[in-house]
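**Student:** Before I ask anything, here is the structure I am working with.
The values are calculated or read from the model by the stated rules, or taken from the named source; none is laboratory data. What you see is a predicted model; the values in this text were computed from it and never measured. With ideal geometry, Cβ positions are generated from the backbone for all residues, glycine too; neighbour counts draw on all protein chains shown. With ligands, DNA and RNA removed, areas are computed over all heavy atoms of the protein, side chains included. Shrake-Rupley method; radii C 1.70, N 1.55, O 1.52, S 1.80 Å.
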Amino acid sequence: DFKQEVLQADTLVIVDFYADWCGPCKMMAPIIDELAHEYKDSVKIGKMDVDANPQFPGQYGISSIPTVLFFKGSQVVDSITGFVPREKLVEKIKAHLA
């Protein structure tokens with residue numbers, strides 16, 4: 001269960017909210033996959049299809065996709081909306097791990 005996983009995580013959790021029909025989402029997907037592999041020992045990184053899980057975007061105030069939310073201790077501590085280069089995501093991850 002997504003919510004349980006995020007709420008019980010003792011580490012930084014990053015969730016990419018996307019849809020299959022979204023062009024910028026498709027551009028972000030390989031970056032998110034790379035980062036999930038690269039940071040697998042220190043950060044939980046996952047994806048959430050907004051069409052398959054319509055309850056979550058509203059719950060987190062998401063009105064545009066892709067939106068990447070950063071959770072710490074069940075709280076949203078940061079977000080990025082729209083396509084951003086890999087470096088921008090790495091910068092945010094490092095800042096939250098520091």
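**Student:** Residue 24: surrounded by 13 or more Cβ atoms within 10 Å (Cβ to Cβ) and within 13 Å of the chain's Cα centre (by Cα), yes or no? Break it down into steps so the answer makes sense when it comes.
**Tutor:** Working: surrounded by 13 or more Cβ atoms within 10 Å (Cβ to Cβ): yes; within 13 Å of the chain's Cα centre (by Cα): no.
Here the answer is no, as residue 24 does not meet what is asked.
**Student:** Right, here's the next one. For segment 68-84, enumerate the residues that are modelled with pLDDT under 95 and in a loop (DSSP other than H, G, I, E, B).
**Tutor:** Scanning segment 68-84 gives 73, 74.
**Student:** As an exercise: evaluate residue 42 against (1) open to solvent by 40 Å² or more (accessible area, probe 1.4 Å); (2) within 14 Å of residue 93 (Cβ to Cβ); (3) under 14 Å from the mean Cα position of the chain (by Cα) and give the number of the one condition it does not meet.
**Tutor:** Just one mismatch for residue 42, condition (3).
**Student:** Would you mention how many residues in segment 61-77 are within 17 Å of residue 36 (Cβ to Cβ) and open to solvent by 20 Å² or more (accessible area, probe 1.4 Å)?
**Tutor:** Adding up the residues that qualify gives 0.
**Student:** A further question follows. Quick test for you: out of 65, 31, pick the one residue that is in contact (Cβ under 8 Å) with a residue 24 or more places away in the chain, assigned to a loop (DSSP other than H, G, I, E, B) and within 15 Å of the chain's Cα centre (by Cα).
**Tutor:** Numbers: 31 fails: assigned to a loop (DSSP other than H, G, I, E, B).
Going through 65, 31 in turn, just one is in contact (Cβ under 8 Å) with a residue 24 or more places away in the chain, assigned to a loop (DSSP other than H, G, I, E, B) and within 15 Å of the chain's Cα centre (by Cα): 65.
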